[in-house]
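J.: To start, I am sharing the structure in question, which I have written as structure tokens.
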Amino acid sequence: MTPLSAPDSATVEHQLRGSVLVVTIDHAPVNALNAAVRRGLIDAVTAADANASVRAVLIVGAGRNFIAGADIREFGKPAVPPSLPEVCNRIEACSKPVIAAIHGAALGGGLEVALASHYRIAFEGAKLGLPEVQLGLLPGAGGTQRASRLIGAEAALSLMLSGRHVGAQEALRLGLVDRVGQSDDVLTEGLAYAHELIATQAAPRRTRNARGPADRQASADAIAAARAETQKKSRGLLSPMKIVDCVEAALNLPFDEGLQFERKQFLECRESPQRAGLVHAFFAEREAQKSPETRDARARPVRCVGVVGGGTMGAGIAVALLDAGLSVTMIERDDETLERGRAHVEKVYDGLIAKGRLQQEAKARAFERFNGATSYDALADADIVIEAVFEDMAVKKAVFAELDRVCRQGAVLATNTSYLDIDEIAASISRPQDVLGLHFFSPANIMKLLEIVVPARVSDDVVATGFELAKKLRKVAVRAGVCDGFIGNRMLAVYRAAADHLMEDGASPYQIDRAVREFGFPMGPYQVIDLAGGDIGWAARKRRAATRDPNARYVRIGDQLCERGWFGQKTGRGFYRYDDGARIGKPDPEVESIIDAERERAGISPRAFDDGQIVRRYLAAMINEGANIVHEGIALRPLDVDAVLMHGFGFPRYRGGPMHYADSVGLDTVLADIREFAKEDPLFWRASPLLVDLVARGKPFASLNQPA
Ligand code: 3H9
């Protein structure tokens, strides 16, 4: 993705404070190590070496962080010297003790700068980590070699393979830092530490010479275990195994050879499409949080939230809100359904307790903020109400009429509808400016995606409130316009239809699922249908039957299964068989017979597709509908489509979402595929005008990824 932020200014200042050279990195917002910062660090160390008055060097970060890492906006562009490994080596080689004083983020290259320093102090609230793996990379500025030497292979592997952040105390326990600051005055305590080192005539202590835990066998075992685990868990990913290789090199090679080995592995990762996909994902999910409506508007305060409806969705939303520390009032129509709603909420918490992820007391604390009521009057003080009742326009309008009656002026009135016309709902009450779509995905307390659906008459501060709430719930929020299915479900309907066409034309559902999994989705489309319940899609198809184009191809196989009561896992049968309550289904020969019969009825002689052909059609349908959605302004930009598919529909993050993926294979290739498929079914395979236009102009989707 092209960088969306305006060009920034970066400085590294160094100032002599007594005998300590204080080096301050100032590169808002997170002190990323761009070329100017790298150059500034080398200049500062050179100045320290050259100046006899300098007896120690203290590196600090301006603002809220030490250093968040390499500047990831530079990846994919021509490299500008000095490289970060050179910077780290130069710091380590400094003839005076160098101290890193760490507050906020010291991540990736930021921690590598600290590891190359000779002494480290971390402050309360610090976040230390080597999260490169999440960007398809490995620590490439000596991090794999220095961390392994400093804290041992096992701890280093655990940090680098998970990408997790550790706080100051854990960093101290691991041996990543030497001490923890007692106050939040980074400069004063950093200087005091430097003076202490000067007073004791402490020499530079270079991590390259650190020996780590002495037990070589334990390290070798940790490496072997990590290799086996990575093979199992990180299917299709390049960088995790390379991290293991680098740690092994740290154990077996002299430091400089280890560095060379690390550099080679790092460059391979940096040049890989996985790195490009993951970095795109990083920026896309941040950029998607911004919308034109939120630029100047302030969110309304939210503390008390009403949830109308205690079904699976309503309960999941309630849990998400409770987990964010908000108070929740659930409304149901009578005592019995309310009790069921409450039981749904309890069930979610009990599940977490059973898995050891939650303490009983935490559940009790959450329930202190939970109320139930059967009268809408209980919502009189709510700041925002989210309805999650049955998907029917008349039912929704009746709920909104009640909300209009009882809610205070200024309350946000949100619907969790998946496809209904929110403009129509808004127009049915006296305050359309307060009506917003908040489309959660099931299970709502777990799924990261939240579509913020923006109806025509909503006021900007209501939209801003939706985005602010998403932040509190730690969701990835994406702005969507009003249409049937918004962004995600509208695309799903189309690429599932493409899968159905493939199935009727000759591929088995099991082959399609396998091909889609091989591409990187956690599940194939028919496994997902079986998990969610085939009856849900069946109801939607029946609803759309009256408005369906009679000339459009319609595959009846899914309906045939539903007519037999085969709704998937919950009924023990769907596209797969789930004998004796099994969670993983087995292929079902009877389903294959039904498919054969449907092919015959439709006059289709089945043909063979290889997995690659399956994926091409599946993806082409997805990309084409994504292009339509951007073209119609339902999604602001291609990156918003990518964020939706990655966070709500299992699109592999390392491929960056369908629109980024389309750019990587070439839009002309995608368009050529669509035109080829259109020879068989021109109605389904109508190329999106946006795709045609971009190909004509030789532009990628990325060219449309402008700031909101
Ligand atoms: C690396 O270091 C490789 C080396 O080993 C080897 C090199 C040879 N670069 O997340 P936020 C932007 S790989 C450029 O909303 P928060 C971000 O896009 C790197 N920009 O804030 C956003 O911009 P905007 C390893 C970056 O407070 C703004 O900063 N490091 C970078 O919620 C605020 O970000 C990582 O993977 C960057 N490195 O969280 C750390 N980081 O305002 C990645 C952030 O225009 N970063 N931006 O939308 C993070 O995890 C979080 O940003 C952080 C702050 C925890 C630091």
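J.: Can you report the number of residues in segment 253-304 which are buried (at least 21 other Cβ atoms within 10 Å of the Cβ), under 30 Å from ALA411 (Cβ atoms) and not charged (D, E, K, R)?
T.: Count: 3.
J.: Please list, ordered by residue number, the helices (runs of 4 or more DSSP H) wholly in segment 634-704 having 1 or more residues that are without any contact (Cβ under 8 Å) to a residue 12 or more places away in the chain and among the acidic types (Asp, Glu).
T.: Numbers: elements: 638-648, 658-665, 667-678, 689-697.
Per the criteria, 667-678, 689-697.
J.: On the given criteria, is ARG553 more than 30 Å from ARG686 (Cβ to Cβ), assigned by TED's automatic domain parsing to the domain that holds MET523 and part of a loop (DSSP other than H, G, I, E, B)? So that I can check it myself, show each step before the final result.
T.: Working: more than 30 Å from ARG686 (Cβ to Cβ): no; assigned by TED's automatic domain parsing to the domain that holds MET523: yes; part of a loop (DSSP other than H, G, I, E, B): yes.
In short, no.
J.: Kindly list, by first and then second residue, each pair from a residue in segment 589-607 that is within 15 Å of ASP500 (Cβ to Cβ) and without any contact (Cβ under 8 Å) to a residue 60 or more places away in the chain to a residue that is loosely packed, with under 14 Cβ neighbours inside 10 Å and of a type in the set (D, E, K, R), limited to pairs with Cβ atoms under 7 Å and residues at least 6 apart or on different chains.
T.: The qualifying pairs do not exist here.
J.: How many residues does segment 29-47 contain that are among the small types (Gly, Ala, Ser) and either within 11 Å of the ligand (Cβ to nearest atom) or in contact with a Cys (Cβ under 6 Å, 6 or more places away or on another chain) (or both)? Steps first, please.
T.: Step one: of segment 29-47, the residues among the small types (Gly, Ala, Ser) are 32, 35-36, 40, 44, 47.
Those left that are additionally either within 11 Å of the ligand (Cβ to nearest atom) or in contact with a Cys (Cβ under 6 Å, 6 or more places away or on another chain) (or both): 32.
Looking only at that region, the number is 1.
J.: Would you mind telling me which numbered condition in (1) among the hydrophobic types (A, V, I, L, M, F, W, C); (2) away from the ligand (no atom under 16 Å from the Cβ); (3) more than 26 Å from GLU86 (Cα to Cα) ALA168 fails?
T.: With respect to (1) among the hydrophobic types (A, V, I, L, M, F, W, C); (2) away from the ligand (no atom under 16 Å from the Cβ); (3) more than 26 Å from GLU86 (Cα to Cα), ALA168 is out only on (2).
J.: Consider segment 371-385. How many of its residues are surrounded by 16 or more Cβ atoms within 10 Å (Cβ to Cβ) and in contact with a helix residue (DSSP H, G or I) (Cβ under 6 Å, 6 or more places away or on another chain)?
T.: First pass over segment 371-385, keeping only residues surrounded by 16 or more Cβ atoms within 10 Å (Cβ to Cβ): 372, 376, 378-379, 382-385.
Checking the rest, the ones that are also in contact with a helix residue (DSSP H, G or I) (Cβ under 6 Å, 6 or more places away or on another chain) come to 372, 376, 379, 385.
So the count comes out to 4.
J.: Looking only at residues that are surrounded by 13 or more Cβ atoms within 10 Å (Cβ to Cβ) and small (Gly, Ala, Ser) in segment 540-584, which one is modelled with the lowest pLDDT?
T.: Filtering first and then ranking leaves ALA540.
J.: Among ALA315, ALA276, ALA281, which is the only one that is closer than 30 Å to PRO78 by Cα, more than 13 Å from the ligand (Cβ to nearest atom) and in a helix (DSSP H, G or I)? Let's see the steps before the verdict.
T.: Working: ALA315 fails: closer than 30 Å to PRO78 by Cα; ALA281 fails: more than 13 Å from the ligand (Cβ to nearest atom).
Step by step, each of ALA315, ALA276, ALA281 is checked, and only ALA276 is closer than 30 Å to PRO78 by Cα, more than 13 Å from the ligand (Cβ to nearest atom) and in a helix (DSSP H, G or I).
J.: Of (1) farther than 28 Å from ASN705 by Cβ; (2) buried (at least 20 other Cβ atoms within 10 Å of the Cβ); (3) not small (Gly, Ala, Ser), MET523 satisfies all except one. Which?
T.: With (1) farther than 28 Å from ASN705 by Cβ; (2) buried (at least 20 other Cβ atoms within 10 Å of the Cβ); (3) not small (Gly, Ala, Ser) applied to MET523, the lone miss is (2).
J.: All but one of (1) assigned to a loop (DSSP other than H, G, I, E, B); (2) more than 15 Å from the ligand (Cβ to nearest atom) hold for ASN65, so report the exception by its number.
T.: ASN65 satisfies every listed condition except (2).
Let's see how each residue does on (1) in contact with a Phe, Trp or Tyr (Cβ under 9 Å, 6 or more places away or on another chain); (2) in the same structural domain as ALA497 (by TED's automatic domain parsing); (3) within 15 Å of VAL494 (Cα to Cα); (4) of a type in the set (Phe, Trp, Tyr):
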site	(1), (2), (3), (4)
LYS586	yes, yes, no, no
ILE594	no, yes, no, no
GLU600	no, yes, no, no
ARG607	no, yes, no, no
GLY612	no, yes, no, no
GLU625	yes, yes, yes, no
ARG637	yes, yes, no, no
ASP640	no, yes, no, no
MET646	no, yes, no, no
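J.: Follow-up. Kindly indicate whether THR337 is in a strand (DSSP E or B) and at pLDDT 95 or above. Spell out the reasoning first.
T.: Numbers: in a strand (DSSP E or B): no; at pLDDT 95 or above: yes.
Judged against the criteria, THR337 is not a match.
J.: May I ask you to list the residues in segment 345-380 that are in a helix (DSSP H, G or I), under 14 Å from THR329 (Cα atoms) and either under 30 Å from the mean Cα position of the chain (by Cα) or of a type outside the set (Asp, Glu) (or both)?
T.: Step one: of segment 345-380, the residues in a helix (DSSP H, G or I) are 345-354, 360-368, 376-379.
Filter again for under 14 Å from THR329 (Cα atoms), leaving 345, 366-368, 376-379.
VAL345, ALA366, PHE367, TYR376, ALA378, LEU379, listed by residue number.
J.: Out of curiosity, is LEU115 in the same structural domain as ALA226 (by TED's automatic domain parsing), within 25 Å of GLU268 (Cα to Cα) and under 19 Å from the mean Cα position of the chain (by Cα)? First the steps, then the outcome.
T.: Details: in the same structural domain as ALA226 (by TED's automatic domain parsing): yes; within 25 Å of GLU268 (Cα to Cα): yes; under 19 Å from the mean Cα position of the chain (by Cα): no.
The answer is no for LEU115.
J.: Specify which of the listed residues (SER418, SER430) is buried (at least 18 other Cβ atoms within 10 Å of the Cβ), assigned to a loop (DSSP other than H, G, I, E, B) and not assigned by TED's automatic domain parsing to the domain that holds ASP640. Walk me through how you get there before you give the answer.
T.: Working: SER430 fails: buried (at least 18 other Cβ atoms within 10 Å of the Cβ).
That would be SER418, the only listed residue that is buried (at least 18 other Cβ atoms within 10 Å of the Cβ), assigned to a loop (DSSP other than H, G, I, E, B) and not assigned by TED's automatic domain parsing to the domain that holds ASP640.
J.: Between GLU402, GLU451, GLU424, which is farther than 19 Å from LEU326 by Cβ and either basic (Lys, Arg) or not in a helix (DSSP H, G or I) (or both)? So that I can check it myself, show each step before the final result.
T.: Working: GLU402 fails: either basic (Lys, Arg) or not in a helix (DSSP H, G or I) (or both); GLU424 fails: either basic (Lys, Arg) or not in a helix (DSSP H, G or I) (or both).
It is GLU451.
J.: Specify the residue that is surrounded by the most Cβ atoms within 10 Å (Cβ to Cβ); the eligible residues are those in segment 493-520 that are on the phi < 0 side of the Ramachandran plot and in a loop (DSSP other than H, G, I, E, B).
T.: Within segment 493-520, the subset on the phi < 0 side of the Ramachandran plot is 493-505, 507-519.
With in a loop (DSSP other than H, G, I, E, B) added as a condition, the list becomes 507-508.
Numbers: ALA507: 25, SER508: 18.
The selected residue is ALA507.
The values are calculated or read from the model by the stated rules, or taken from the named source; none is laboratory data. No experiment lies behind these values; they were computed from the predicted model shown. Glycine also receives a Cβ, built like all others from the backbone with ideal geometry; neighbour counts cover every protein chain displayed.
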